[in-house]
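Enquirer: To start, I am sharing the structure in question, which I have written as structure tokens.
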Amino acid sequence: MRPSVYIPVAVLTACIIAFQIIVSALNREFYLTQLTMSAYYSLVILGLTVLMGYAGQISLGHAAFFAMGGYTTAVLTTYNLAGAAGNPLVKLVVGLGLDTVSTNAYGAQTQHLSPWVSLVVAVCLTAAVAFLIGIPILKLKGHYLAMATLGFGIIVYRIVLGTRMFGEADGISDLPAFRLAGGLAVGGDPGLRVQNYYIAAFLLVAGVILLTNLIDSRPGRALRSIHGSEEAANAMGVNTARYKLSVFVLSAVFACIAGVFLTHFNGGIGPSEAEVMKSVSYVAIVAVGGMANLWGALVMGVVLNYLSLRGYFGSYDEFVFGCILIVIMLFMPEGLLIKENFRILADTAVRIVNKCRAGKQE
Amino acid sequence: MPFEQLLQYIFSGITSGSIYAIVAIGFNIIYNTTGIINFAQGEFLMLGGMTAISLHSFMPLPLAILAAVIITSAVGALIDFIFIRRLKSPSVLNMVIVTIGLSIMIREIALHVWDEKVRSLPYFTGSEVTSINIMGAYISPQVLWVLGVSGVIVAFLGVFFRFTLTGRSMRACASNITAARLCGINTKNMVTISFMLSAAIGALAGCVISPITQTQYDCGTSLAIKGFTVAILGGLGNSTGAVIGGIIIGLLEAMSISIMPLAYKDAISIAILLIILFARPSGLLGKREAAGLKEF
Amino acid sequence: MNFLEVKGLSRSFGGLRAVQEVSFSVEKNAIKAIIGPNGAGKTTLFNLISGALPPASGQVFISGSPIHGLPPHRIARRGISRTFQNIKLFSRMSVLENVMIGRHIRSRAGFLAAMLRLPRTKAEEREIRETSMDILSLLGIGDLADQEATSLPFGKQRVVEFARALATEPDLILLDEPAAGLNIHETAHISEMIMKIRRRGITVLVIEHDMSLVMNISDEIVVLSSGKKIAEGAPAAIQKNGEVIRVYLGEGDA
């Protein structure tokens with residue numbers, strides 16, 4: 001790690017710990033629930049930032065990858081293995097020790113596939129889909145790319161909404177907790193709140209470290225060069241098609257992992273996670289964060305998702321994200337968190353303080 | 001499949017196809033003068049339909065529709081004044097994001113004005129049970145209205161772009177905006193007119209389909225994506241192509257219902273969109289090289 | 001065997017035959033200029049050699065091995081680098097980072113290694129940074145390393161593009177109008193740089209309109225007109241060539 005990453009990571013970690021201590025001391029731990037969810041959504045946004053902000057490739061279908069992660073683990077871990085003990089595939093799974101026994105909400109024991117296995121399956125599946133769809137999609141540019149990714153997102157949404165296996169409009173619920181090592185588990189049990197907060201925060205911090213490392217490296221520069229001038233990048237020996245595909249798959253995998261963890265945390269998933277509006281709100285947050293700005297995306301991702309999940313926007317939730325898109329694009333294409341805005345803020349603060357002082361002296 | 005049933009499918013395909021064609025032409029008008037794909041195009045249909053429904057409660061139908069078209073067209077002008085003019089040499093990414101933002105805003109405002117209820121205009125002639133027998137297929141007279149109005153819109157635009165000064169100026173902008181500006185054409189006004197025009201025809205289309213498909217605050221998105229499919233299929237910017245493309249997509253969609261579950265209907269037309277984008281992004285009638293030249 | 005061998009290269013756009021049956025060769029470590037009136041097909045020729053456009057017919061060999069039909073990034077790996085007529089620097093990246101892209105084909109780190117910052121990746125990164133810095137110093141713009149590349153004045157941007165192309169350690173460099181839009185001092189600087197890189201053993205193919213620059217630096221000149229090669233030879237011979245004079249001065253004056 002380098003100093004440029006060091007300091008913000010230290011600050012972020014301090015904030016994470018401080019928030020938990022304060023909230024626990026005030027006996028308001030329920031705040032952590034939405035914050036945990038926001039952290040997972042922010043993980044999607046971080047991946048999208050690299051794809052959109054740095055490599056310059058828009059995706060209006062990232063909710064689809066999130067949903068693929070969530071639905072894959074939901075389908076696989078809610079399947080009762082005990083009920084199909086005779087099936088050779090089930091026998092193989094049990095024989096290899098890939099199963100887990102959990103106690104469900106009603107206190108009954110269920111035998112199901114281990115979430116570790118479903119995580120691996122989900123990541124492989126999403127990566128494969130992103131790879132296959134990415135080959136033709138990433139040849140497109142501008143409006144065509146936007147429409148194609150949007151179309152892909154709608155197809156996934158229609159499929160989960162219209163297929164019995166995915167629970168149609170109801171989605172899938174009653175997922176078992178995802179037991180990690182050392183007694184940690186990702187699940188919705190109130191007793192797991194604090195540890196889930198830290199698990200999500202850990203993933204988010206790890207994600208941002210990995211991606212900042214990536215941006216400031218050989219492949220990272222290659223990605224940014226595609227945004228600058230694809231033709232020049234090619235002439236410098238950058239295989240732009242391959243790099244675009246790689247970053248598309250990478251950001252899809254980030255969304256998928258977030259989907260798997262959040263679905264276990266929530267204990268279920270519904271079709272709204274695959275909706276176009278979800279994808280659009282991810283794009284909005286990347287834009288607010290300043291497009292090519294991982295830390296901006298992280299901060300705005302956590303803040304906006306938290307506000308949205310706490311219901312601060314009321315029935316104007318989508319309206320808020322629509323406004324954000326327009327206002328940011330028209331007036332602050334560099335995003336909200338740029339130095340200039342902070343300077344304006346600081347100047348105003350100084351002016352107010354000065355005025356107050358002047359007022360006192362009189 | 002018996003002949004009558006086939007004919008029934010064909011009629012329903014052509015009906016929705018002609019609406020998709022109108023949406024596609026709306027895309028084309030704005031695309032030609034600005035190079036922007038207006039993601040809020042579908043919202044114009046919703047807005048037109050909803051406004052007419054509200055106005056119809058205290059004025060006769062033709063007047064309500066006329067007023068709805070004018071109001072929606074004013075909204076189109078407003079969008080250009082407030083938002084589009086502020087975009088100075090925007091990247092495609094910015095334009096896409098702004099028009100998506102617009103579509104969300106219009107939709108959410110509609111949600112708060114008209115709530116989630118599904119509404120519709122009355123049938124222009126007869127009622128929902130009236131039907132006309134054409135060679136064994138029973139169709140609603142509203143279908144004829146849809147076809148007729150679409151035909152009139154296409155004919156009107158043909159005349160407008162060919163024979164009026166404004167229409168010709170808009171075409172000049174489409175082929176070379178700098179040259180048009182040098183010839184003294186006020187290109188900014190042309191952009192405003194293109195937004196008004198495509199909002200107006202969107203609103204009119206939104207009114208005529210309202211009795212059949214009904215209108216809800218969020219019905220714009222799926223119409224927009226199908227309209228875009230059609231615009232791409234016909235070759236972006238090409239209105240003859242849009243009509244042919246619209247009928248093809250409409251027929252394919254109608255036929256797909258007979259073999260696939262209804263829930264996947266939208267997925268099918270979008271899958272067609274993806275296939276066209278991958279295989280031939282210049283569309284059926286578009287020239288390959290022309291598509292390559294327009295910087296996307 | 002000639003270092004670069006271009007044989008019967010053709011390409012047209014719609015009805016326009018931009019490059020027709022152009023053949024020539026360049027010796028190792030020579031400086032060859034391509035001149036011709038606007039629209040003669042010079043840049044198209046560069047695009048065909050560098051792979052930015054696939055040729056409709058014809059062949060290109062580098063040290064005897066064929067490179068035509070390869071994608072541009074593969075051709076870059078064969079030791080061909082280029083600059084662009086309308087400068088194409090990477091926006092939102094510093095001058096140093098722009099030049100570091102030039103080291104792309106000389107380094108290996110992939111996504112995973114970069115994300116995890118493995119020791120060998122760190123070492124490689126240091127090497128990329130140092131080499132790029134050296135090239136900037138060599139061209140006299142070391143002090144601009146941390147500036148945003150696209151915010152520099154025009155003349156400096158040309159030098160950065162030059163540095164970026166050099167960073168790939170090319171055997172052959174294609175320069176598309178390196179002096180266009182530059183003042184006399186800047187042009188002299190460019191001419192100096194071209195001689196400097198030739199001394200490093202690099203072969204140069206240059207498109208240029210500035211005749212004094214062309215006559216000064218090039219060993220040989222190819223003249224294109226309407227996509228066809230109309231003359232080829234030493235600068236002195238080209239200056240006397242009747243066909244060339246006619247093309248440049250117009251039919252009536254010949």
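Every read-out reported here was derived from the displayed coordinates using simple, explicitly stated rules and does not represent laboratory data. Since this is a predicted model, take the numbers as computed values, not measurements. Methodologically, a virtual Cβ is constructed for each residue, glycine included, from the backbone with ideal geometry; neighbour enumeration extends over all protein chains shown.
Enquirer: Per DSSP H run of n ≥ 4, the term is -39500 (n - 2.57); total these for chain B, divide by its residue number, and report the mean residue ellipticity at 222 nm rounded to 500 deg cm²/dmol.
Expert: -24500 deg cm²/dmol
Enquirer: Another question about this same structure. Post the alpha-carbon centroid distance, segment C:190-254 to segment A:73-147, in whole angstrom.
Expert: Cα centroid of segment C:190-254 versus Cα centroid of segment A:73-147: 65 Å apart.
Enquirer: Tell me, what is a quarter of the convex hull surface for the C-alpha atoms of chain B, in nm² with one decimal?
Expert: Reported value for the Cα convex hull: 15.9 nm².
Enquirer: Could you list which residues have their amide H under 5 Å from that of C:ARG92, counting only those 5 or more apart in sequence or on another chain, with H placed in the peptide plane?
Expert: Excluding prolines and chain starts, which carry no amide H, the hits are C:THR150.
Enquirer: So what's the projected area for segment A:117-160, the Cα convex hull averaged over all directions, in nm²?
Expert: Convex hull of Cα atoms, orientation-averaged projection: 3.3 nm².
Enquirer: Ranked highest first by the average count of other Cβ atoms within 10 Å around their residues, in what order do B:105-118, A:275-288 fall?
Expert: A:275-288, B:105-118
Enquirer: Then there is this: Treat every Asp and Glu Cβ in the protein assembly as shown as -1 and every Lys and Arg Cβ as +1, leave all other atoms uncharged, and give the resulting dipole magnitude about the Cα centre to the nearest 20 debye.
Expert: 1120
Enquirer: Now for a different question. With the calculation restricted to Cα positions, what are the radius of gyration and Dmax of segment C:83-167 in angstrom?
Expert: In Å, with Rg to one decimal and Dmax whole: 13.2, 39.
Enquirer: Let me know the charge dipole size of chain C about its Cα centre in debye, to the nearest 20, where only the beta-carbon of Lys, Arg (+1) and Asp, Glu (-1) is charged.
Expert: 880
Enquirer: Something else about it: Suppose we take every Cα in segment A:152-247 and form the convex hull; what volume per residue is that in Å³?
Expert: So the per-residue Cα hull volume is 169 Å³.
Enquirer: Highest mean first, how do B:177-184, A:244-251 rank when packing is the count of other Cβ atoms within 10 Å averaged over residues?
Expert: In decreasing order of mean packing, B:177-184, A:244-251 become A:244-251, B:177-184.
Enquirer: Could you give each residue of segment A:230-237 its phi-based ³J(HN,Hα) in whole Hz, using Karplus coefficients 6.51, -1.76, 1.60 with θ = phi - 60°, and x for Gly or Pro?
Expert: Ordered by residue, 3J(HN,Hα) equals 4, 5, 5, 4, 4, 5, 8, x Hz.
Enquirer: Taking every pair of alpha-carbon atoms in segment C:176-254, what share in percent sits in each 5 Å bin, from 0 to the bin with the longest distance?
Expert: 3, 13, 23, 22, 18, 12, 5, 2, 0
Enquirer: 222 nm [θ] for chain A, helices only, -39500 (n - 2.57) per DSSP H run of 4+, per residue, to 500?
Expert: Result for chain A, helices only: -23000 deg cm²/dmol.
Enquirer: Take the cross-link list A:LYS339/B:LYS188; A:LYS278/B:LYS88; A:LYS278/C:LYS122; C:LYS32/C:LYS229; A:LYS339/C:LYS88 and give me the ones stretching past 26 Å between alpha-carbons.
Expert: Distance filter (> 26 Å) returns A:LYS339/B:LYS188; A:LYS278/B:LYS88; A:LYS278/C:LYS122; A:LYS339/C:LYS88.
Enquirer: Calculate, axis by axis, the spread of Cα positions in chain A along the three principal axes, and write the results as whole Å, longest axis first.
Expert: The Cα atoms of chain A stretch 85, 58, 42 Å along their principal axes.
Enquirer: Can you return the aspartates and glutamates within cross-link range of C:LYS156? Criterion is Cα-Cα under 17 Å, with same-chain partners fewer than 8 residues away left out.
Expert: Qualifying aspartates and glutamates at Cα under 17 Å: C:GLU97, C:ASP134, C:ASP143, C:ASP146, C:GLU148, C:ASP176, C:GLU177, C:GLU186, C:GLU192.
Enquirer: Placing one identical point scatterer on every Cα of chain C and ignoring solvent, what is log10 I(q)/I(0) from the Debye formula at q = 0.08, 0.11, 0.15 Å⁻¹?
Expert: Each listed q maps to, in turn, -0.33, -0.61, -1.09.
Enquirer: What are the ³J(HN,Hα) couplings of segment B:96-109, residue after residue, when phi is run through the Karplus curve with 6.51, -1.76, 1.60 and θ = phi - 60°? Round to Hz, x for glycine and proline.
Expert: With the stated coefficients, segment B:96-109 comes to 4, 5, 5, 6, 5, x, 4, 5, 5, 4, 4, 4, 6, 5 Hz.
Enquirer: Under the Kirkwood approximation applied to all pairs of distinct alpha-carbon atoms, what is the hydrodynamic radius of the protein assembly as shown in Å?
Expert: For the protein assembly as shown, inverting the mean 1/r across all distinct Cα pairs yields 30.9 Å.
Enquirer: Separate question: Among bridges DSSP assigns within the protein assembly as shown, what percent are antiparallel (round to 5)?
Expert: The antiparallel proportion sits near 65 percent.
Enquirer: Further, regarding this structure: Return the average number of partner chain Cβ atoms within 10 angstrom of each residue Cβ along peptide C:103-115.
Expert: 6
Enquirer: Also: Could you give me the radius of gyration and the Dmax of segment A:51-194, taking only the C-alpha atoms into account and expressing both in angstrom?
Expert: Expressed in Å, the Cα Rg and Dmax of segment A:51-194 come to 18.1, 53.
Enquirer: Of C:VAL206, B:THR215, B:SER258, which is farthest towards the positive pole of the protein assembly as shown's charge dipole, taken about the Cα centre with +1 and -1 on the beta-carbons of Lys, Arg and Asp, Glu respectively?
Expert: C:VAL206
Enquirer: Work out, in µm²/s and without decimals, the Stokes-Einstein translational diffusion coefficient of segment B:100-244 at 20 °C, 1.002 mPa s, Rh from Kirkwood over C-alpha pairs.
Expert: Roughly 121 µm²/s, to the nearest whole number.
Enquirer: While we're looking at this one, here's another question. Can you give the average number of partner chain beta-carbon atoms within 10 Å of each beta-carbon in peptide C:77-90, as a whole number?
Expert: Mean number of neighbouring Cβ atoms from other chains: 3.
Enquirer: At what distance in angstrom do the alpha carbon centres of segment A:257-321 and segment A:22-56 lie from each other?
Expert: When both Cα centres are located, 8 Å separates them.
Enquirer: Residue by residue, what Karplus-based ³J(HN,Hα) values in Hz, rounded to whole numbers, does segment A:261-266 have, using 6.51, -1.76 and 1.60 with θ = phi - 60° and x for Gly and Pro?
Expert: Along segment A:261-266, the couplings run 5, 5, 5, 5, 5, 6 Hz.
Enquirer: For segment B:40-138, count the residues as N, evaluate 2.2 N^0.38 Å, and divide the Cα radius of gyration by that value, please.
Expert: Working it through for segment B:40-138, the quotient is 1.40.
Enquirer: Can you give me the angle between helix A:3-25 and the longest principal axis of chain A, using Cα atoms only, in degrees from 0 to 90, rounded to the nearest 10?
Expert: Once rounded, the angle reads 70 degrees.
Enquirer: On the principal axes of its Cα set, how long, how wide and how thick is segment B:125-182? Give whole Å, largest value first.
Expert: Here the Cα extents, ordered largest to smallest, are 57, 20, 16 Å.
Enquirer: Determine the shielding of peptide A:321-333 by partner chains: average, over its residues, the number of Cβ atoms on other chains within 10 angstrom of each Cβ.
Expert: Per-residue shielding by partner chains comes out at 6.
Enquirer: Would you compute, from DSSP H runs of 4+ residues alone, the mean residue ellipticity of chain C at 222 nm, taking -39500 (n - 2.57) per run and dividing by the full residue count, rounded to the nearest 500?
Expert: Computed ellipticity for chain C at 222 nm equals -11500 deg cm²/dmol.
Enquirer: If packing is taken as the mean number of other Cβ atoms within 10 Å per residue, what is the order of A:40-48, A:16-24, C:199-207, A:265-273, highest first?
Expert: Highest to lowest by the protection proxy: A:40-48, A:265-273, C:199-207, A:16-24.
Enquirer: Sticking with this one: For segment C:1-65, which chymotrypsin sites (Phe, Trp or Tyr not before Pro) are in a loop by DSSP, counting at most 13 other Cβ atoms within 10 Å?
Expert: none
Enquirer: Something else now. Near C:ILE62, within a Cβ-to-Cβ distance under 12 Å, what is the net charge of the other residues, with Lys and Arg +1 and Asp and Glu -1?
Expert: Net charge around C:ILE62: +2.
Enquirer: Another question, if that's okay. Name the residue, out of A:THR348, A:THR240, A:THR263, whose mean-square fluctuation peaks in a Gaussian network model built on chain A with Cα pairs under 10 Å.
Expert: Comparing A:THR348, A:THR240, A:THR263 in the GNM, the peak value goes to A:THR348.
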